[in-house]
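Visitor: Below is one structure. I have some questions about it.
Coordinate-derived values only; no laboratory data. Predicted, not measured: the structure shown is a model, and the values here were computed from it. Every residue, glycine as well, gets a Cβ built from its backbone with ideal geometry; the counts of neighbours run over all protein chains shown.
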Amino acid sequence: MVVSNIDLTTEKIEVIKPSKFLGTAIKDFTLNLSDDYRYLKTGYYVSLHAEVLGSKVIPSCENIIDSSRTPILLLRAAKAGIPTLPFLVTDSVKKIIAEIGFPVAIFAVNPFIHNGYKTAANKSALYRAMKSLGMNYKFAVCAQPLKGEMVSVKSIFGKSEGDRVTKEISEQVFEVFKIPVCKLHIQKVEDKTYLCGMQPLGRKEISLNDLKTISRGIALISERGEPFSD
């Protein structure tokens with residue numbers, strides 16, 4: 001069963017809208033396709049509803065929550081062998097300057113913020129980044145050294161554009177977290193590539209080619225006759 005707020009009519013895929021699914025008690029393997037899986041958003045509630053009913057669902061609530069919190073994302077990714085950079089979770093500008101220095105990339109830890117990341121090359125820019133992503137300094141942020149070029153790629157069932165390493169990281173992230181539709185933030189440093197963060201993929205960013213990739217992903221599940229293994 002496919003539950004989706006993404007328009008898949010061009011691919012002739014039968015889906016159940018989240019609003020309808022949340023009002024049912026259908027127990028079946030559920031593929032939850034959403035442009036936003038953040039905590040307390042509709043995409044999250046679809047997976048939660050499926051789990052309450054006792055259904056197998058992709059993505060799981062655990063993976064949704066873990067992937068939306070950059071420090072946990074990076075810890076689980078590193079444990080799975082995905083290249084990551086050292087990071088610091090703090091609300092202290094002084095600590096970031098002392099332990100990481102400049103330039104630095106700042107990611108939100110608060111799950112209600114999904115604006116990607118901000119970079120800072122000096123103290124004043126760092127204060128602005130922390131004020132924005134820390135909701136006026138109420139929350140800590142996740143700081144990572146900015147050693148190279150930051151790039152953002154769409155990941156659809158682990159498929160993405162870019163060089164070989166970028167594609168490999170996208171596939172690995174999907175294997176670990178099973179987030180069907182998302183955007184990955186990756187840092188390229190000379191001949192190495194590192195995962196830095198993840199955020200929702202806006203519905204307007206989903207192209208016709210992406211819809212075809214989604215269709216192939218659904219077909220793969222159907223051919224296997226069972227959901228992707230954990």
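Visitor: Using a 7 Å offset from Cα along Cα-Cβ at Tyr127, what residues in the range 137-151 end up with backbone N under 14 Å from the label point?
Guide: 137
Visitor: Take Ser19 and Leu40, extend 7 Å from each Cα along the Cα→Cβ direction, and tell me the distance between the two endpoints in nm.
Guide: 2.2 nm
Visitor: Based solely on its DSSP helices, what 222 nm [θ] is calculated for the chain when runs of n ≥ 4 H residues each add -39,500 (n - 2.57) and the sum is averaged over all residues, nearest 500 deg cm²/dmol?
Guide: Numbers: 8 runs with 82 residues, N = 230.
Per the formula, -10500 deg cm²/dmol.
Visitor: Share of Cα-Cα pairs in the range 114-230 beyond 23 Å, in percent?
Guide: Values: 2730 of 6786 pairs.
Summing the P(r) tail past 23 Å for the range 114-230 gives 40 percent.
Visitor: Order these peptides, 124-133, 22-31, by their mean beta-carbon neighbour count within 10 angstrom, highest first. Could the numbers behind the result be given before it?
Guide: On the way: 124-133: 17.3, 22-31: 13.9.
Most protected by this proxy first, the peptides run 124-133, 22-31.
Visitor: A further question on this structure: With labels modelled as points extended 7 Å from the Cα through the Cβ direction, what inter-label distance (nm, one decimal) is found for Thr10 paired with Ala78?
Guide: Result for the modelled spin labels: 4.0 nm.
Visitor: For the range 88-145, state the average projected area of the convex hull of the C-alpha atoms over all orientations, rounded to one decimal in nm².
Guide: The directionally averaged projection comes out at 3.1 nm².
Visitor: For the range 125-169, what value does the Rg/Rh ratio take when both radii are computed over Cα atoms and Rh is the Kirkwood radius, given to two decimals? Could you put the intermediate results ahead of the total?
Guide: On the way: Rg = 15.0 Å, Rh = 13.1 Å.
Rg/Rh for the range 125-169 comes to 1.14.
Visitor: Kirkwood Rh over alpha-carbon pairs of the chain, then Stokes-Einstein at 37 °C and 0.692 mPa s: what D in µm² s⁻¹, rounded to an integer? Walk me through the numbers on the way to the answer.
Guide: Values: Rh = 18.3 Å.
Once the numbers are plugged in, D ends up at 179 µm²/s.
Visitor: Would you please put 179-185, 78-84 in order of how densely packed they are, using the mean number of other Cβ atoms within 10 angstrom per residue and starting with the highest? Kindly include the intermediate steps, with their values, before the conclusion.
Guide: On the way: 179-185: 24.0, 78-84: 14.9.
The peptides rank, most packed first, as 179-185, 78-84.
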